[in-house]
1. Once every DSSP H run of n ≥ 4 in chain B is given -39500 (n - 2.57) and the sum is divided by its residues, what mean residue ellipticity at 222 nm do you get, rounded to the nearest 500 deg cm²/dmol?
2. Where a ≥ b ≥ c are the square roots of the eigenvalues of the C-alpha gyration tensor, would you call region B:38-126 rounded, which needs a/c under 1.5, or, failing that, prolate if a/b is larger than b/c, or oblate?
3. On average over all directions, what projected area in square nanometres does region A:8-403 have, based on the convex hull of its Cα atoms?
4. How high is the relative contact order of chain A, given as a whole-number percent (alpha carbon pairs under 8 Å, six or more residues apart)?
5. Would you please give the FRET efficiency between residue B:110 and residue B:69, computed as 1/(1 + (r/R0)^6) with r the Cβ-Cβ distance and R0 = 22 Å, to the nearest 0.05?
6. Would you mind working out the magnitude of the charge dipole of region A:283-367 relative to its Cα centre, with +1 at each Lys and Arg C-beta and -1 at each Asp and Glu C-beta, to the nearest 20 Debye?
7. By a straight-distance test (C-alpha under 18 Å), which aspartates and glutamates pair with residue A:26 as possible cross-link partners, with residues fewer than eight away in the same chain excluded?
8. Taking the Cα centre of the protein assembly as shown as origin and charging only Cβ (+1 Lys, Arg; -1 Asp, Glu), how large is the dipole, in debye to the nearest 20?
Amino acid sequence: MSKEKNSTKNHNKVEFILASLIHCFKGGWLYWGWMLSLIAIVVYGAMAYGQQARYGLSVTGLSDQITWGLYIGNFTFFVGVAAAAVILVIPAYLLHRNQMRRVTILGESLAVAAVIVAMLFVTADLGQPLRFWHALPLLGKLNFPTSILAWDIVVLALYLLVNLIILWYLLYNKFCHKSPVVKRYFPVIVVAIILGLSIHTVTAFMLSGNPSRPFWHTAILAPRFIASAFAAGAALMIILFQILHITSKFRLSKGLIREIALIMVFAQFFSLFLLGAEIYTAFYHNTAHDVSAHLLFTSNIGHDNLTLSIYLAIAAGLSAFSILMVRRFRENVSLLNIASILIFFAVWSEKGLGLVIPGFVPTPLGEMAQYTPSTIEIKVAIAIWAVGAIIFTLLAKVAIAIEFGGLRLKRPVENTDTEI
Amino acid sequence: MVDNRSSRRGFLQGTVALTALLAGGCSSSKEQPKTAFEDSVATFFQDNYQVMTKDEIKEVLARVERRVKREYGVDIKCENTPPVADVAFGYALNLSKCKGTRRCVEACVSENNCGRNHSLENIRVLAMPHGTMDLNKSDHYYDHEQVPNSNDWYLPIQCHQCDEPACVQACPVEATWKEKDGIVVIDYDWCIGCRYCSVACPYWARHFNWSKPNLQPDEINPKTHYLGNRPREAGVMEKCTFCIQKTRKGELPACQEACPTGARVFGNLLDPQSEIRYILENKNVFRLKEEQGTQPNFWYFYDV
Ligand code: SF4
Ligand code: SF4
């Protein structure tokens, strides 16, 4: 009896996977145009990566002086997006359990895509990427718990796993004509939230745990990371949800957008406040500890572009905040969109290159150095963004088809347990 | 732990055997010369040096020699001389005597098979304007017509072989560690090239092979150590190892041999008769950036 049940279950799983895969190939010209352009970008970037694999990281703009750049800058940013994607849907979820479950699924999809993007960026940064297995448990020799980078590897992998489990549970049950049991999956979501906070905290610790790099060596780096991640994550979701509202069967409610916008205001407030606190500490006196910050804000090292982008980022962050503060503006869709785009840009430049590069200048031996990403680096980075877009598109497509489009198991389900 | 180790080993060996089979080598008899492909497959599945058995190490050393022969046409000897008991290395540098000739840098590069590109120098000599200790005022690329320049004093910096090495703490895969005689080494075949160690080091003592080292066959020093000066590949970290290949055999490091002014004093900190002990006990020595808490084994001092 139970054997039969098992085989039906396995059969359902196969059908779930097949139906999802087949659904990925169904779409109009807009969908195919989008996917094919993304694939073209990925292929183009893969060729650039081929150059890097062949000649080494010397094809990047990196050096012993500035040893991390565009790749790690994007890594820190996407870890933030990944963390925010899950944590953000929770308040919404708690307030309106039933309507908001659907958003949870999209948040999970975004988290999965963003974690994979973050992992790809670290891999692209490795000098010996094929040796990644040295960091696998049992096979390799992970320096856990001493190395913070080892921590990062562990929490990122767990986070990816947990989110995949949640996605699977929610979608698979729906697919089998069952509604998911809150009591069963909510604890897992709590785990995902804790891991979400961990991935971003650990990533901040990876930078702030270096006394030899005073620019990062500050206790408020982790809170700053979390605040800016909430702001940028909310911004990204507001934009993505609207796009999905237009292009798919996903329906966005006004209430949801309002709630996410509200979270964005608070996050942006804290983010700006913490940045202000950093700037005060760096500028009230002129100690060796603050040289990097001075250089960043005064462009004394010839990093004019970086200085410019930091000022633009601060200006963008402030303008977005002024828009968001006023309720009437916040509830105006176009203004909200402008604010979201501004915040997204602000956080990306402030937390990407704007955070990583100044940490390296001056070097611990007082050398001033320059860094401009090479064309190859930029191509690879864009390709990794495109991979993320592909993953999110596919996950969201299947998720929406199951949640809103009635993609279901064909056979009626009788033998399966119905403890709904 | 034991179980993990043996299951990992089993897995690795299984994979190696399988790949070798697939590569066309029907059960490789020991006499047959290994192909480059077989060697690189074996290197790929190679374990971390710290957990290798004696036999594995022997194979690995032979593989290194074969690789250098294939790539450069040079016969080298790759050894793994272990730390000597009751030896802990330390270094002291007399800043009154250093005249900024950079002979140590040149000697280091040729002794250690470093790529002949600027960034791969494991010693940096900074020209410091008189009257300051602020490293941000230093000149790394001084090109004085004559050294010493009357406006500067000189500060050579290399790996300080710290007792609490920030680099070792940072490495996510234990590719770098501190040996019993105090030398901090890297297993170049295990390093994944993440460069987190170089981010962590307060002395900027770690240098990355951004491309394959630019090294001509006639420049190769054939006396090498696995953890030291064997020719490196692209994508791995390297650093000063106090010339592990020489000093573990009782010789002096190349930088001290090359110094024309006698500013450098290398020695065994555990030997009360050694010159370095005399200096530590009788000179007013100091350590650079001591506040970073990495406990360097490298001291500076002035004569007067
Ligand atoms: S000087 Fe740097 S590389 Fe050398 S042991 Fe200390 S932390 Fe490690
Ligand atoms: S570059 Fe190599 S030695 Fe340095 S932290 Fe990464 S894996 Fe370890």
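1. The helix-only estimate for chain B comes to -8000 deg cm²/dmol at 222 nm.
2. Values: a/c = 2.95, a/b = 1.64, b/c = 1.79.
In terms of gyration-tensor shape, oblate.
3. Details: hull surface 81.6 nm².
It is 20.4 nm².
4. Working: 540 pairs, mean separation 125.1, N = 420.
The normalised contact order for chain A reaches 30 percent.
5. That gives a FRET efficiency of 0.65.
6. That gives a dipole near 460 debye.
7. List returned: A:15, A:403.
8. Working: 67 positive and 58 negative charges, 622 e Å.
It comes to approximately 2980 debye.
The values are calculated or read from the model by the stated rules, or taken from the named source; none is laboratory data. Everything numeric in this text was worked out from a predicted model, so none of it was measured. As a convention, Cβ positions derive from the backbone with ideal geometry for all residues, glycine included, and neighbour counts pool all protein chains shown. Surface accessibility is based on the protein's heavy atoms, side chains included, excluding ligands, DNA and RNA. Shrake-Rupley method; radii C 1.70, N 1.55, O 1.52, S 1.80 Å.
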